[in-house]
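All of the numbers you see were taken from the coordinates with simple rules; none came from a lab. This one's a predicted model, so the numbers in the text were calculated from it and none came from an experiment. Because the Cβ atoms are built from the backbone with ideal geometry, glycine has one as well, and the counts that use them run over all protein chains shown.
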Amino acid sequence: MDMEHVWLLPAIPVVIFAVIGLFGRLLPRGGDWLAILGMGAVTVLAALAIVDFQGDNIAVWSEEWMKISDGSRVVELIEISTYVDSITVVMLTAVTIVTLMVMVYSVGYMAGDSRYGWYFALLSFFAAAMLTLVVSGNLLMLYLAWEGVGLASYLLIGFWWEKQSAAEAAKKAFITTRIGDVGLLIGIILLWRGSGSFDIQEIIHHAESGGFDQTYLTITMLFLFAGAVGKSAQFPLHVWLPDAMEGPTPVSALIHAATMVVAGVYLVARMLPVFDTVLIARDVVLYTGLITAVMAASMALVTSDIKRVLAYSTVSQLGFMFVALGVGAVTAAMFHLLTHAFFKSLLFLGSGSVIHATEEQEVEQLGGLRRKMPATTITFTIGAIALAGIVPLAGFWSKDEILVAAQEGAPAIAYITLAATAVLTAVYSTRLVLLTFWGEPKNRSVHEHAHESPPVMVIPLLILTALAVVSGFVALDGVGEALGFAGGIGEVVYEGAHGHAYALNETVAIGATIASLFGIGLGFIYWWGCAARAEAARNWAPELHALLVNRYYIDHLYQATIDRVILGLSGVVGWFDRRVINETGVDGSAQGLGYFGLRLKFLQTGRIPNYALAMAVGVIAIALVAFGTN
Amino acid sequence: MLTLFLLLPLGGAAMLAVTPNERKEEARWIALVFSSLAFAVSAVIFVRFMLELNSDAGVEGYLFIDRFAWINARDAGFDVQYFLGVDGLSAPMVLLTGLLSLVAVLISWRIELRVREYFIWLLVLETAVAGVFMSLDLIQFFLFWELELLPMYMLISIWGSGRKEYSAMKFLLFTIAGSAFMLLAFLVLGLSADSFDIEVLTANPPAETIVPLSLLFWGVMAAFLVKLPVFPVHTWLPDAHTDAPTAVSVLLAGVLLKMGGYGILRIALPVLPGEARDFRYVLAAIAAVSVVYGAVLTLRQTDLKRLVAYSSVSHMGYVLLGVATMGAVGMSGAALQMFTHGTITGLLFIMVGLVYDRTHTREIPEMSGLMHRMPVIGAVMLIAGLASLGLPALSGFVAEVTIFLGAIAEHPAATIAAVFGVVLAAGYILWAVERVFMGPPSDRWAHLDDATGWWERLAMGGMVLSIVAVGIFPRILTDAVESGIAPIAAIVGAA
């Protein structure tokens, strides 16, 4: 497909959204087949585009969206445009494949839901917004799509809005990310003010040629990064993602693991040449990612909800990607984004298979499912090994790239923290697999009616499993050459002069493997068989356990801030508005006038002597004043 | 053309005046026919304006001029004309007036109390508001400005609810207090310049009058800021909205508030450009306070209608922020915001009215899970809410982002404060939607119906369409606004 027609990719699903949204009730099966066919077409078109892609950065299409002139001079011109480069290609690959898999899987998972058609309409809407996001060539169009995926996320988290918790989670997700989005909008406005353009390449050019004031640009990029922090659920705006698990599980796999939440990573990767000119801002990216990675992994250790474990894991892995970006390693970040999209959506869909079969998502109630759900067990386990980073699965290669980048480009603390997080990752992955699929069933009635999921759900699991196994190989020269990009992903995905062929750093690779194996070993020690050791570990440091279970009290802090500070302020302002401004200022002055009128009317006595007296006093007063001024 | 638009609602009112009282259905249809005709005329005006604008000649000055000498007292320096015309600033406002008046008639279909009189006042109101947007003579402008008070007072105090007499009187007194200053300022301006013609005054702003120009500026602004309204002269608005019938709230938020912003752009800025520039920081400060103050207040409202009303205070602050930039982009944003807020908040008030018609309560804590019974109302409410919180691809975003872009250089602090108002907007809108529409179904509301009347669906559909269309193709609006703002920006920029 020609790159000029890349706008077709989002156009197809948006039309399908409109068709299903308006006429879904008239279509057989609510129109799910239409959504899947459309997404299939998009996937094929994207594949053709990717094959055609020559490694060039091409701005392909633009259209005037609005303009405002000041007499003869055009002072504001907003164009919408598409732009494709290697980063876009990586995103297209991840987005189209995972979306298609999730749609197929949803046919089984969502079967019988009362809003089945609407669900597929929303998935199509999401796909349209996400594809717009990745092909947009300017920041305003990106922002438009950014809010679009946020809306899709809101509607899908709250898909079962009759559940109070789902409605609240949807609202929380939207408002939390909106705090970041406002930062992004301010950042975009400030970039426009400094460079006079919304076009990403023009802004990058302006920054690289030193067109911005350094302090100004640092502040601007921090505002911009706030948007990434919100969308990619990084500390301190990570709180919405675990709650977002209230949505249907395929949605969690698609939006809250593989695609939308990586939009922040994509944004920073896209703008990395600008971040490269203000290193303070890049360091903020690095340390935000680092804190988030270790913090989220630690919370995943103690969480008992299978989906929430995966949510924390996602937050943690996104932290890894930001660390890579923080040291300027765009290749490593995009590579990990790609592999993570596959193995994490696999894990989420696997957990969905478990939930579908058992209607239970607390690991304390599961266990022993391996006999009843062999396909799910095997695929989920492979996904977990990929996540833990064991060679030769996908996670190993991309995590290794990030570790190498951190070792080379950042203070030692970053590398050490990441390595420790890698241990934690292996521990919680092992724990999750053991508690869910191994051991003895903890709840008989749950276990009784468990069954393997239908083929329509298992086949996407198998495909994603294959990708979780092999997608790491795109780093290798030979594989890259076979697929049409000589030198592997490292030679293709880069900005400026950073391109390099993949080379295994033995020290780092061996160290990381030892760390992962160590973590898996720990997992087995504590959660294999009886629960006594895990119990003992919990009692060893109850305060630490409470801290983790309560999510570092961050949610409590935010809730208290909203309740006490913001709503308190609202109450105070409300009191001020009603009592001071309205009753005193407005009603008071009205009553005051009435009161004066009541008093003053007694002056109108109608008796001539009174008026004569007043007149005389007045004349004398005027006379005195007149004499005084002379 | 413009005179025709003014006469149509009056004609409808006259016809209603001779209709017997008990023929309620006929009265409704008369009102509908005449307001539809007026809307059609407003649409023709807008489309013809756009065609003219896109022609090679472009648009210079005003179009569709209707003009004749009215009070000929040239010797006394009191020369008043009947002078109508529209440009890129007023054409969208005329269209908005036509659209919202039609919608107001539609959603009043179920009014049963004194139907005939109700529609008479509604139609008179339409003429008065449209007259404000078309008048190019200060005295004529003032007359239309005051004419709008009478029907509003009647509509709120007779067909309202709650403390309706109090609210109607408060509305009246606030407006009159503001317009008294405006009239004085107009007289001084007109007599010193020997003309009340806005075109003349704009071309040659008076350099000196018997009172300081800054006093004149604030005299004119007094009326406009009250009408907009901004902190601290906003308290009439929540009361008037809460106690007014739905259709009146729609018109009040949709077009009446815009008279304030329109007046600033049409009269205060081009006639007193130097003073406007001098006070731009004061205006920006008032704007930022209004945005945040209004939004913070909105968070805690438990009355759904009052919630929307307070959000209007916040959103009108954006208009003032755009104006305070004194630049083409910001002022265009302000004009856009006037139009988009008109459709968005108008729609919000319609939805609140539809909910109230069914539940007979506006207290948010009493409602829950209404989506089960009324999915269409809930969905449209959500669309309106998302537009109100500035979601891209809906019209509110176009206006807000234009204002922010225009204001960032001149008023960075006020702009950033105003952008954060958007977070609060997400908070109060989504929280309200969650509490009212989501959650488990409740027995209390199990008997409610969705919006099934054709009049309701037509009203909602039209409004949603206008919001989405402008959001996706902003140029259908921005090109007009741009052409209207450019000369004003040039005048203010030169001062």
How do the peptides A:342-350, A:554-562, A:219-227 rank, highest first, by the average count of neighbouring beta carbon atoms within 10 Å per residue? A:342-350, A:219-227, A:554-562
Given a Förster distance of 41 Å, the FRET efficiency implied by the Cβ-Cβ spacing of A:LEU547 and B:ALA43, rounded to the nearest 0.05, works out to 0.05
Proportion of all alpha-carbon pairs of the protein assembly as shown beyond 45 Å (%): 39
Less than 11 Å Cβ to Cβ from A:ALA384, Lys/Arg counted +1 and Asp/Glu -1: what total charge do the surrounding residues give? +2
Rounded to one decimal in Å, the inverse mean reciprocal Cα-Cα distance for segment B:279-495, i.e. its Kirkwood radius, is 17.7
What lysines could a cross-link reach from A:LYS67, if we take a straight Cα to Cα line under 22 Å and drop same-chain neighbours fewer than 8 places away? none
Whole-Å distance linking the alpha carbon centroid of segment A:576-618 with that of segment A:229-303 is 66
Once both axes come from the Cα atoms, what is the angle between helix A:330-358 and the longest principal axis of chain A, in degrees from 0 to 90, rounded to 10? 80
Kyte-Doolittle cut-off 1.6, length cut-off 30 Å along the helix's own axis using Cα: show which whole DSSP H helices in chain B pass. B:412-437
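Using r as the Cβ-Cβ distance of A:ALA537 and A:ASP563, and R0 as 25 Å, what FRET efficiency do you calculate, to the nearest 0.05?
0.15
What number comes out for the charge environment of B:TRP445, summing +1 per Lys or Arg and -1 per Asp or Glu over other residues with Cβ under 9 Å away?
+2
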On a 0 to 90 degree scale, rounded to 10, what angle separates helix A:86-109 from the longest Cα axis of chain A? 80
Label zone at B:SER442, where the point sits 7 Å out along the Cα-to-Cβ direction: segment B:367-381 residues whose backbone N lies under 15 Å: B:367-374
For chain A, longest principal axis from Cα atoms; helix A:8-23 axis from its Cα atoms; angle between them, nearest 10 degrees, is 70
Please report the net charge: other residues with Cβ closer than 13 Å to the Cβ of A:SER316, K and R +1, D and E -1. +3
Return the FRET efficiency for the residue pair A:SER209, A:GLU63: r is the Cβ-Cβ distance, R0 is 30 Å, and the value is rounded to the nearest 0.05. 0.65
Just want to confirm a number: the relative contact order over chain A, from Cα pairs under 8 angstrom separated by 6+ residues, in percent. 11
Alpha carbon centroid spacing (whole Å) that separates segment B:232-255 from segment B:58-88: 32
Normalised radius of gyration for chain A, please: alpha carbon Rg relative to 2.2 N^0.38 Å, two decimal places. 1.20
Alpha-carbon centroid distance for the pair segment A:12-54 / segment A:310-370, whole angstrom: 26
Aspartates and glutamates near A:LYS172 by alpha-carbon distance under 20 Å, same-chain residues fewer than 8 away left out - which ones? A:GLU147, A:GLU162, A:ASP181, A:ASP243, A:GLU246, A:ASP305, A:ASP555, A:ASP563, B:GLU434
If contacts are Cα pairs under 8 angstrom and at least 6 residues apart, what is the relative contact order of chain B in percent? 16
Output the relative contact order of segment B:279-495, whole-number percent, from Cα pairs under 8 angstrom with separation of 6+ residues. 29
